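Heads up: the structure comes next, in structure tokens.
The values are calculated or read from the model by the stated rules, or taken from the named source; none is laboratory data. Keep in mind that what you see is a predicted model, and the values were worked out from it rather than measured. When we count neighbours, we look across all protein chains shown, and the Cβ atoms used for this are built from the backbone with ideal geometry, even at glycine. We work out accessible area using only protein heavy atoms, side chains counted, and drop any ligands, DNA or RNA first. Shrake-Rupley method; radii C 1.70, N 1.55, O 1.52, S 1.80 Å.
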Amino acid sequence: MKQVLLAGLLCSVAFGASAQIPGKRIDGPLEIAGVKFADGDTLHFGQGTIPNGDFKYINQPMNVFSGTKEMALPRSFSGRTLIIKGFRDATSKRAGEKLLAVVNPGGFNYAVELADAVQSGEIVAVNSQKVGNKATAAAAPATSVADELLKLKKLLDAGAITQAEYDQQKKKLLGL
């Protein structure tokens with residue numbers, strides 16, 4: 001038994017067990033949920049979404065070499081920042097598309113499920129750019145650019161906005 005534990009410990013040291021994030025390494029930058037992420041970007045954390053305040057979508061995966069169980073990033077990281085060290089594609093038939101960022105809060109790597117973390121409000125900013133808004137996302141249904149243009153046209157026709165305001169908003173919506 002001691003030999004097995006010692007072998008596991010040696011493997012974890014030799015092969016970097018703290019770096020056992022699932023999936024294939026991929027190069028950034030990535031655009032996920034309308035947000036651009038790159039190696040070296042600073043992630044700003046909001047509040048964890050597990051009832052005890054820990055982070056549901058930022059976790060240290062189970063490690064068979066060292067025998068550690070999956071652990072959520074603790075609530076003490078609320079309001080703190082970490083640097084993206086790299087990316088992994090952990091997409092599977094069972095889990096669907098899952099693109100991960102790797103961060104290291106000290107000693108162990110953690111996987112950040114980027115799309116879910118942004119949508120849930122666990123990530124509130126990348127570098128100094130605010131991302132996602134849990135309250136806004138829940139309250140506002142998704143609309144297309146065409147729907148927004150129709151709304152603007154109705155406001156213009158009703159005299160609620162000027163032609164200049166209409167043109168400015170139209171350019172913004174069309175990305176011109």
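Okay, here's what the table says:
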read-out	value
Some residue of the range 78-86 being more than 15 Å from residue 61 (Cβ to Cβ), open to solvent by 40 Å² or more (accessible area, probe 1.4 Å) and not in a loop (DSSP other than H, G, I, E, B)	yes
Residue count, the range 159-176 (criterion: polar (S, T, N, Q) and outside any helix (DSSP H, G or I))	1
Selected residue [farther than 18 Å from residue 54 by Cβ and open to solvent by less than 20 Å² (accessible area, probe 1.4 Å)] from 131, 112, 103, 118	131
Qualifying residue in the range 63-70 (condition: over 30 Å from residue 128 (Cβ atoms), exposed (fewer than 14 other Cβ atoms within 10 Å of the Cβ) and at pLDDT below 80)	yes
Hey, residue 48 at pLDDT 85 or above, open to solvent by less than 40 Å² (accessible area, probe 1.4 Å), on the phi > 0 side of the Ramachandran plot and not polar (S, T, N, Q) or not	no
Residue count, the range 29-41 (criterion: open to solvent by less than 30 Å² (accessible area, probe 1.4 Å) and under 13 Å from residue 128 (Cα atoms))	3
Verdict on residue 140 being modelled with pLDDT under 80, out of contact with any Pro (no Cβ under 7 Å at 6 or more places or on another chain) and either more than 14 Å from residue 58 (Cβ to Cβ) or loosely packed, with under 10 Cβ neighbours inside 10 Å (or both)	yes
